[in-house]
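The values are calculated or read from the model by the stated rules, or taken from the named source; none is laboratory data. As the structure is a prediction and not an experimental result, all values here were calculated from the model. Positions of Cβ are generated from backbone atoms using ideal geometry, with glycine treated the same way; all protein chains shown enter the neighbour counts.
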Amino acid sequence: MTSIDIQGLTKVYGTARAVDDLTFRVEPGRVTGFLGPNGAGKSTTMRVVLGLDRPTSGTATVGGRHFRELADPLRHVGALLDAGAAHKARRARDHLLALAHSNRIPARRVDEVLAETGLAPVARKRVRTFSLGMRQRLGIAAALLGDPAVLMLDEPANGLDPEGIIWIRTLLKRLAADGRTVLISSHLMTETALTADHLIVLGRGRLLADTAMGTFIRHNTHRRVRVRTTEGKRLHAELARVGFEAVPDGAGRWLVEGVEPADVGALAARHGIPVLELADEAPSLEDAYLRLTADAAEFVTAAPTTQEA
Ligand SMILES: Nc1ncnc2c1ncn2[C@@H]1O[C@H](COP(=O)(O)OP(=O)(O)OP(=O)(O)O)[C@@H](O)[C@H]1O
C-alpha cells in the first residue's frame, strides 16, 4: 500500500512561507479532502510531491520514494493540477498516447481511460475545441492512465456538469475502495462532504486539522435546533430565561445551539407558544470549515455596505 508522506515540509518563496513545517500522511483506502483558504499552501504541497518544486526543507515522498526517483511516474502517481496543461493543437487521443508512450503504458489503456471518462466520442477532436468540462475529463483521463496507486487531483469537479459531478464522486470513492490513495483539494464544501472520508486542512501553510470527516464536523460545530413559531419574541425570552440564546436565521426561523429539540418543544408547550416547525439541524462541513479557518483566511472581502435609497 502506498501513502503520501509529508515530513517537516517548508517552502519559502522570497519572504513568503507558502508551507511551514508541515507533517501529515495521506493513507490509502480512503478519499482525503485537502482544504484551506486561498494561498494556504495546498498547490505548493502538491507541486512539491510531484517534484515540480523543491522544498526549502523537509521531504515529500510517495510510497517512501521521491517522485523524481520513480521510473514511469504516471504508473505510480496520477495527478491533475491544471486541466489546461494539454497541448491545444493535439487531438485528445494523441495527447494521451504520447503520455502513455513516455511512461511505457500500453496503447490499449488510452482507449480504456477515454471510455471511462466519457471522451471516446471526441477522442479524435483537437483539445482546443474542448469545453472546460471536456478538458477536465481529459486531465482526469491522463491521471488514470497509468492505473496508479496514488491520485492527487486539484478541484476534480471543476467545470463538470451535474452528471459529471456524480460520475467523478463515484469514481473517486471506487478508486479509494480499491485501496488506492486519493487526495483531492477543493473549495467546494458540499461536494467534499459527499466525497471525502478524511480531511487535511491547511491555514497559512500550517496544518490545522488531520481528522476523519465526522470528527472534524463534530469538533468544530455545535448542534443546533431550528424552530419556527408565530411568537418568536416570547420563545426567545423563555429560552433566555433557561440559559439558551435563540438567534434569528433571517428566514423567519430561530436557531438555538446546545439544546435538544424535545426540550425546545416541551418549553414551548409549557408556555403555550405555537410551534410550526422544529428540527435538529445537522451541522455542515462548511460550518465547521469556516469556524476553523476564520483566523487563517488571508483574503477576506469587506462586508457589503447597505446603500440607503
Ligand atoms: N511560484 C511562486 N512564487 C512566489 N510565491 C508563490 C509561488 N507559488 C505560490 N506562492 C505563494 O505561496 C502561498 C501558497 O500558495 P498556494 O498556491 O500553494 O496556495 P493554495 O492553498 O493552493 O491556494 P488556492 O486555494 O488559491 O489555490 C501563496 O501566498 C502564494 O502567493
Quiz item: Which one is farthest from the ligand (Cβ to nearest atom) among residues in region 36-73 that are under 25 Å from P106 (Cα atoms), of a type in the set (A, V, I, L, M, F, W, C) and outside any loop (DSSP other than H, G, I, E, B)?
Solution: V62
Quiz item: Is at least one residue of region 236-249 modelled with pLDDT under 90 and not assigned by the TED database to the domain that holds A16?
Solution: yes
Practice problem: Would you mind finding the one in A100, A107, A85 that is away from the ligand (no atom under 14 Å from the Cβ), of a type in the set (G, A, S) and without any contact (Cβ under 8 Å) to a residue 24 or more places away in the chain? | Solution: A107
Exercise. Pull up region 17-35, narrow it to residues that are out of contact with any helix residue (DSSP H, G or I) (no Cβ under 6 Å at 6 or more places or on another chain) and of a type in the set (K, R), then point me to the one that is farthest from the ligand (Cβ to nearest atom).
Key: R25
Quiz item: Got a number for residues in region 156-212 being assigned to a helix (DSSP H, G or I), within 16 Å of the ligand (Cβ to nearest atom) and under 19 Å from R25 (Cα atoms)?
Solution: 1
Practice problem: Show the residue pairs that are 6+ apart or on different chains and have beta-carbon atoms under 6 Å apart, the first residue being within region 254-270 and in contact (Cβ under 8 Å) with a residue 40 or more places away in the chain, the second being loosely packed, with under 11 Cβ neighbours inside 10 Å and assigned to a strand (DSSP E or B). | Solution: none
Practice problem: Hey, can you tell me all the residues within region 92-108 that are loosely packed, with under 11 Cβ neighbours inside 10 Å and not in a loop (DSSP other than H, G, I, E, B)? | Solution: R108
Self-check item: Selection from region 236-279 of residues that are over 15 Å from R224 (Cβ atoms) and assigned to a loop (DSSP other than H, G, I, E, B)
Solution: V242, G243, G252, H271, G272, I273, P274
Exercise. Taking R228 as meeting all but one of (1) farther than 17 Å from R291 by Cα; (2) at pLDDT below 95; (3) outside any helix (DSSP H, G or I), write down the number of the exception.
Key: (2)
Quiz item: Taking region 235-290, which residues are farther than 28 Å from T215 by Cα, loosely packed, with under 14 Cβ neighbours inside 10 Å and among the small types (G, A, S)?
Solution: A237, A240, G250, A251, G252, A266, A269, G272
Quiz item: Taking region 3-16 only, how many residues are near the ligand (Cβ under 8 Å from one of its atoms) and in a strand (DSSP E or B)?
Solution: 3
Practice problem: List every residue pair whose Cβ atoms lie under 9 Å apart, where the two residues are 6 or more positions apart in sequence or sit on different chains, the first residue falls within region 231-251 and is without any contact (Cβ under 8 Å) to a residue 40 or more places away in the chain, and the second residue, located anywhere, is among the charged types (D, E, K, R) and surrounded by fewer than 16 Cβ atoms within 10 Å (Cβ to Cβ). | Solution: H236/E245; E238/R270; L239/E245; V242/D263; F244/E257; F244/D263; E245/E257; V247/E257
Quiz prompt | Unmet requirement for A86, which otherwise passes all of (1) in contact with a Phe, Trp or Tyr (Cβ under 9 Å, 6 or more places away or on another chain); (2) small (G, A, S); (3) modelled with pLDDT of 95 or more | solution = (3)
Quiz prompt | Pairs, first under 17 Å from L188 (Cβ atoms) in region 286-300, second at pLDDT below 90 and more than 15 Å from the ligand (Cβ to nearest atom), C-beta under 6 Å, six or more apart | solution = D287/T221; A288/T221
Quiz item: Give me the pairs: first residue in region 4-22 and touching a residue at least 24 places away in the same chain (Cβ under 8 Å), second residue away from the ligand (no atom under 14 Å from the Cβ) and outside any strand (DSSP E or B), beta-carbon distance under 9 Å, and six or more apart or on different chains, which are they?
Solution: I4/E27; I4/G63; D5/G63; D5/G64
